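First up is the structure itself, then whatever we jot down about it.
We did not get these values from a lab; they are worked out from the coordinates using the rules stated. Fair warning: this is a prediction, and the values are worked out from it, not measured in the lab. FYI the Cβ positions are ideal-geometry reconstructions off the backbone, even for glycines, and counts take in every protein chain you see.
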Amino acid sequence: MRCFVAVLPPPEAVEHLADFLEPRRAAADFRWTAPDQVHLTLAFVGDLAERRLDDLVERLERAAGRRRTVETAITGGGAFPHVAGAKVLWAGLDLDEDDAVEVRRMADGARAAANRAGAAVDGQRFRPHLTVARCGRPTEVSDWVRLLDTYRGPAWTIDTFTLVESHLGEGPRGRPRYEVVAELPLG
């Protein structure tokens, strides 16, 4: 199984961001993330043996239970690896210092749960973001980052981890199809 542990923003928050970006999308030849695929990845598990799924869900449930809810909003943006040669354009989250630490602990707990369940986890440094577009080649995106810096969406609460299975190439236009496997409440 190819899966990831994520925070899924509520539809109204994602729709607000999509409405902000919609009139501007034609100005760039990006692969825009479909609204139903916008998420905050806490842990990416590229290959999970199906026999390990129940163990992973139990461990994620315990990890989620140790975390508290966090109030946030989608705001600002950035690019990976950098604005002068971006491959990814992203929106950020409004998090004060304590909440940023809590979200980092959510990611650490999700990654530890996956490791203990026997899954290899992507070990890249965690930076909370929501991918809004991918660039086909390294692209200068400073205007887009400045635009995202003017954006602030409605407030919402992170209150759940979601385990999502990704089926590559099975979605519209060859995109992945996402299937929710489990929702795990925080606290």
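Each listed q (0.16, 0.17, 0.19 Å⁻¹) maps to a log10 I(q)/I(0) for the chain from the Debye sum over equal C-alpha point scatterers, namely -1.03, -1.15, -1.38.
From the square roots a ≥ b ≥ c of the eigenvalues of the alpha-carbon gyration tensor of region 79-129, which class results: rounded (a/c under 1.5), prolate (a/b over b/c), or oblate? Oblate, because a/c is 1.5 or more while a/b does not exceed b/c. Normalised radius of gyration (Cα atoms, divided by 2.2 N^0.38 Å) for region 1-112: 1.21.
Mind checking which of ARG146, ARG134, ARG67 has the largest fluctuation in a GNM of the chain, springs on alpha carbons under 10 Å? Of the options given, ARG146 has the highest mean-square fluctuation.
How many angstrom separate the Cα center of region 79-129 from the Cα center of region 53-77? If we compute the Cα centre of each part, the gap is 12 Å. Residue separation of GLU170 and THR150 scaled by 0.36 nm, minus their Cα-Cα distance, works out to 3.7 nm of gained length. Label separation (GLU71 vs ARG134): 3.6 nm, computed from points 7 Å beyond Cα along the C-beta direction.
What size of dipole, in debye to the nearest 20, comes out for the chain about its Cα centre when the only charges are +1 on Lys and Arg C-beta atoms and -1 on Asp and Glu C-beta atoms?
Values: 25 positive and 29 negative charges, 141 e Å.
For this selection, approximately 680 debye.
Here's how it looks for VAL88: its modeled amide H is under 5 Å from those of PHE80, CYS135, which are all 5 or more places away or on a different chain. In terms of packing, defined here as the mean over residues of other Cβ atoms within 10 angstrom, the peptides 78-90, 2-14 line up highest first as 2-14, 78-90. Here the simple spin-label model places points 7 Å from the Cα toward Cβ, and for ARG105 and GLN124 these points are separated by 2.6 nm.
Protection proxy ranking of 30-40, 118-128, 156-166, by the mean of other Cβ atoms within 10 Å over each peptide's residues and highest first, is 156-166, 30-40, 118-128. Taking label points 7 Å from Cα along the Cα-to-Cβ direction, ASN115 and ASP47 give a separation of 1.9 nm.
Helices in the chain, meaning DSSP H runs of at least 4 residues, each add -39500 (n - 2.57). Divided by all residues, the mean residue ellipticity at 222 nm is -9000 deg cm²/dmol.
Taking Cα pairs under 8 Å and at least six residues apart, what relative contact order does the chain come out at, in percent? Show your work: numbers first, answer last.
Details: 389 pairs, mean separation 62.5, N = 187.
Rounded, it is 33 percent for the chain.
Computed from the alpha carbon positions, the gyration tensor of region 145-184 leads to an equivalent ellipsoid with semi-axes of 27, 20, 6 Å, biggest first.
Report the local net charge at ALA28: Lys and Arg +1, Asp and Glu -1, summed over other residues whose C-beta lies under 12 Å from its C-beta.
On the way: positive: ARG24, ARG25, ARG31, ARG134; negative: ASP29, GLU140, ASP143.
Around ALA28, the charge tally is +1.
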